[in-house]
1. If you count the DSSP beta bridges with both ends in the protein assembly as shown, what percent of them are antiparallel, to the nearest 5?
2. How much net charge surrounds A:R88 when only the other residues with a Cβ under 11 Å from the Cβ of A:R88 are counted, with Lys and Arg +1 and Asp and Glu -1?
3. If you rank A:M92, B:M173 by fewest surrounding Cβ atoms within 10 Å, what's the result?
4. Quickly work out the A:N172-to-A:R302 label distance, labels modelled 7 Å from Cα along the C-beta direction, and quote it in nm with one decimal.
5. Where in the stretch A:230-258 is the amide nitrogen less than 15 Å from a point lying 7 Å along the Cα-to-Cβ axis of A:A311?
6. Would you please give the residues with an amide H less than 5 Å from that of A:I35, counting only those at least 5 places away or on a separate chain, with H modeled from the backbone geometry?
7. If I stretch the segment between A:S42 and A:K122 completely, what's the gain in nm (0.36 nm per residue apart, minus their alpha carbon distance), one decimal?
8. Most mobile of A:V139, A:V294, A:V39 per a Gaussian network model of chain A (Cα springs, under 10 Å)?
Amino acid sequence: MPLLSVRNLKTRFATDRGTVRAVNGVSFDLEEGEILGLVGESGSGKSVTALSIMRLVPEPPGKVTADAMTLDGTDLLGLSEAQAREVRGSRMAMIFQDPMRSLNPVLTIGRQITEVLHRHQKLAGAAARRRAVELLDTVGIPMAEKRLGAYPHQFSGGMRQRVMIAIALSCNPRLLIADEATTALDVTIQAQIIDLVKRLTRERGTSVIWISHDLGVVAGLCDRVNVMYAGTVVESGPIRELFHRPSHGYTLGLMGSTPRVDGTSTRRLTPIEGMPPNLIDPIPLCPFLPRCRVSVAACQARPPAPRQFGAGHWASCLADLAP
Amino acid sequence: MAVVQSPPPVAAPRIAGSLRLAARQFPRHRAAMVGLICLALICLAAALAPWVAPYDPIQIKLSAKLKPPSFEHWMGTDHFGRDVFSRLLYGGRTSLSVGLLVVGFAFVMGVPLGLASGYFGKRIDNLLMRLVDAFLTFPPLLLAVALVGLLGPDIQNVMLALGLVQAPVLARMVRGSTLAVREDVYVTAARALGAGPARIVLSHLLRNVMSPIVVQLTIVFAAAVVAEASLSFLGFGTQPPQPSWGRDMSEARRFLGDAPWMFLAPTGAIMLCVLSINFMGDGLRDALDPRAWRTRRTIGQAER
């Protein structure tokens with residue numbers, strides 16, 4: 001049984017101009033210990049998917065529905081707010097994009113770690129502080145003991161993100177969601193943080209949903225990728241499969257617009273023309289059609305259904321892109 | 001980069017509470033310390049008035065009226081021959097307690113209202129803020145006069161009225177700051193780690209809106225002392241011949257040309273208090289914001 005199972009997740013937001021379908025029927029499974037990448041451009045619904053799973057979508061104006069959304073057998077949508085608070089931080093945790101702002105500036109690092117330990121593991125006083133030191137140690141913060149009394153502004157961006165990871169993993173969650181966790185960091189630090197997450201989650205068998213718009217990062221870290229566009233998963237597959245045989249016009253476009261440092265080709269980068277669709281209006285055909293470079297005649301006639309391209313690899317595309 | 005050599009610590013290191021660290025920071029702010037000492041001295045003098053005042057503050061002695069400062073009367077005498085210095089000491093009891101109690105009342109009323117409004121939003125926010133708006137539509141002094149008129153002219157009622165006038169101002173300000181802080185990523189991050197409303201409001205929102213609150217409260221104090229004067233002048237609040245800084249100040253107005261000391265003494269006292277409190281507010285604001293700390297030691301050593 002998969003650790004996380006999401007079926008037909010829909011998240012809508014009521015606005016003055018109409019209902020925004022931010023997530024529109026997303027389904028996937030996440031196995032234990034698996035690292036799943038969620039890629040797509042801004043507004044494709046990656047973050048809202050994550051927030052929906054965490055039950056952090058404000059309702060109203062938001063509205064989250066799904067045929068099923070279970071974490072380790074627990075029906076996440078059926079939880080009351082108080083029950084959801086118990087699950088958040090202990091069985092699933094999330095880290096955010098901006099490490100400069102995801103720690104409270106007026107509380108010490110130690111306090112922010114021990115607070116969570118106290119909340120979920122009833123650890124207090126000396127025991128909590130010892131555990132906090134251990135945690136900071138594991139994420140590679142030198143002189144951890146002395147750092148407990150430090151404030152976030154005394155840390156660099158990379159160190160803060162390490163602290164966030166320490167806090168997120170403090171109660172050994174089964175699921176870790178990282179929302180653009182390395183986007184705000186420079187490349188060398190990015191690599192360190194990715195290694196850290198990889199190491200810690202492999203050690204503990206934690207499943208990870210890694211949200212990014214950086215295909216390079218996803219390629220180096222994830223086991224499987226979901227490509228999202230306009231609130232839906234348009235292609236999903238094991239990392240190698242998907243990179244070798246992109247089977248959706250959008251995935252192809254994403255790859256064409258990503259610079260590669262390992263390739264020998266001198267090809268030009270091709271941007272994806274146009275803008276993502278307005279999520280208020282219903283989208284009867286393929287949402288990517290207006291921007292697609294590989295569309296076929298059938299695309300104008302009917303919406304694409306998911307097609308199988310390999311083991312665990314499918315795409316909702318009518319064009320035949322396979323070489 | 002990973003640090004491997006970490007023997008399990010024998011004794012868990014202590015994390016000094018943020019508030020305790022802030023308390024240690026405060027004395028480093030020189031102006032704030034001067035303010036604190038000044039205000040403490042003034043309060044002490046007012047509290048000890050019956051023992052340190054050289055004369056009875058309401059004893060009339062017409063033969064000695066409007067005398068300039070001398071060894072006998074350090075700050076001169078007023079139009080009834082009363083000793084200005086003694087009246088200053090006794091008046092401080094009224095004025096300072098009005099100022100401090102109004103600050104306390106505004107804090108206790110205004111801050112929870114503002115936090116609730118800003119955090120819960122929507123209907124609660126609407127309800128509370130319309131209430132606040134209703135209070136804010138009246139000119140503050142007029143509202144205070146109306147309230148005192150309703151409750152009866154008495155110094156306790158003056159404090160209550162002034163507190164009721166100031167609380168909505170504070171509530172509105174706290175709400176504004178809360179709305180801004182609420183959207184910060186660390187609040188979402190805290191929620192993602194299972195923090196409930198109480199935790200978020202108390203340890204995240206309140207701590208981060210403290211600075212503007214402190215600044216506002218110093219203003220409230222000054223406004224309260226002056227407003228008490230106005231109310232006393234209008235016949236509410238302190239009744240003659242009881243001394244209060246505000247009362248004495250407005251009475252001295254008539255003798256500004258002949259006996260400026262009568263005016264300068266209470267005015268100076270009010271000014272000194274307000275300045276002291278402003279300085280303290282500055283220091284307090286900096287002490288509550290770790291980013292403004294002047295650290296002489298390096299990272300992490302602060303917990304010693």
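What follows draws every value from the coordinates through simple rules; no lab data is involved. Quantities reported herein were computed from a predicted structural model and do not represent experimental measurements. So basically every Cβ, Gly included, is an ideal-geometry build from the backbone, and we count neighbours across all protein chains shown.
1. Here the antiparallel bridges make up roughly 65 percent for the protein assembly as shown.
2. Around A:R88, the surrounding residues sum to +3.
3. On the way: A:M92 28, B:M173 18.
With the sparsest Cβ surroundings first, the list reads B:M173, A:M92.
4. About 5.1 nm, to one decimal.
5. Within reach of a label on A:A311, which here means backbone N under 15 Å from a point 7 Å along Cα→Cβ, the stretch A:230-258 contributes A:237-242.
6. A:V208, A:D223, A:R224
7. Between A:S42 and A:K122, full extension yields an extra 24.9 nm.
8. A:V294
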